[in-house]
Amino acid sequence: MTDITLLLVDDHPVVRDGLRGMFATAPGFTVLGESSSGVEAVDMTFRLDPDVVLMDLRMPGGNGVDAIAELTRRGARSRVLVLTTYDTDTDTLPAIEAGATGYLLKDAPRDELLAAVRAAADGRAVLSPAVASRLFNAVRGPAAPGSEALSGREREVLALVARGTSNREIAAKLFISEATVKTHLTHIYGKLGVKDRAAAVAAGYDRGILGRP
């Protein structure tokens, strides 16, 4: 099986060294190069053609969002997985809108990061829970033919259901009552034309509400 190739982009040498060392000890990965700025990262991406670009966001000499947008504009084959310490709306939304395949925080466990890189290489979206929660609140999708569009809160509840979250856990995460969660689910079922949680999740993926499974 061919290794997943990577380009590491971060302005801190110690971070790049740590990532390179981690991937060197994990089977199935090859680091092709390193970059310390967004501008340089774009040039290196087209020169090295890695499967995945592991991209920091805030860097001198060209930030990550601009680099992602440029890679998208120029049709780069490489998938971009953001790895940063920042999870604010002003960081996450522009990065995803620019074309990032995934968004992880630097405190992610090693196994989670490795799995995220594999998923990104396959073109599957990967989001840390904190980032996903923000996006579920902010992103609105088109209504499916024959159904009403889900509200922002309904989309958030559906996304948590898709992650296997129980009603009690959803209530705790969203600071609402379990009764309110059940009400949201009833509305979701009605709008999607389904009768249970599994069917709602399937419909969510099928209609593009939840992205790709």
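Do we have Ile170 as closer than 26 Å to Arg124 by Cα and not assigned by TED's automatic domain parsing to the domain that holds Arg124 here? Yes: the conditions hold for Ile170. Which of the residues belonging to the stretch 147-179 are among the β-branched types (Val, Ile, Thr) and buried (at least 16 other Cβ atoms within 10 Å of the Cβ)? The answer is Val157, Val161, Thr165, Ile170. Determine whether the stretch 59-72 contains at least one residue that is farther than 15 Å from Leu8 by Cβ, assigned by TED's automatic domain parsing to the domain that holds Arg16 and touching a Lys or Arg at 6+ places or on another chain (Cβ under 8 Å). No, the stretch 59-72 has no match at all. Across the stretch 1-26, the number of residues qualifying as over 23 Å from the mean Cα position of the chain (by Cα) and in a loop (DSSP other than H, G, I, E, B) comes to 3. Checking each residue in the stretch 30-80 for being crowded, with 22+ Cβ neighbours inside 10 Å, among the β-branched types (Val, Ile, Thr) and part of a helix (DSSP H, G or I) picks out Val42, Thr45, Val65, Ile68. The residue pairs whose first member lies in the stretch 72-98 and is over 16 Å from Leu54 (Cβ atoms), whose second member is modelled with pLDDT of 95 or more and surrounded by fewer than 21 Cβ atoms within 10 Å (Cβ to Cβ), and whose beta carbons are closer than 8 Å, counting only pairs six or more residues apart or on different chains, are Arg74/Phe46.
From the residues in the stretch 167-213 that are in a loop (DSSP other than H, G, I, E, B) and of a type in the set (Val, Ile, Thr), which one is nearest to Val131 (Cα to Cα)? Only one residue tops the list, namely Ile209. Among the residues of the stretch 180-213, how many are exposed (fewer than 15 other Cβ atoms within 10 Å of the Cβ) and either among the aliphatic types (A, V, I, L, M) or touching a Cys at 6+ places or on another chain (Cβ under 8 Å) (or both)? Residues in the stretch 180-213 being exposed (fewer than 15 other Cβ atoms within 10 Å of the Cβ) and either among the aliphatic types (A, V, I, L, M) or touching a Cys at 6+ places or on another chain (Cβ under 8 Å) (or both): 2 in total.
The values are calculated or read from the model by the stated rules, or taken from the named source; none is laboratory data. Here the structure is a predicted model, which is why all the values come from computation and not from measurement. As a convention, Cβ positions derive from the backbone with ideal geometry for all residues, glycine included, and neighbour counts pool all protein chains shown.
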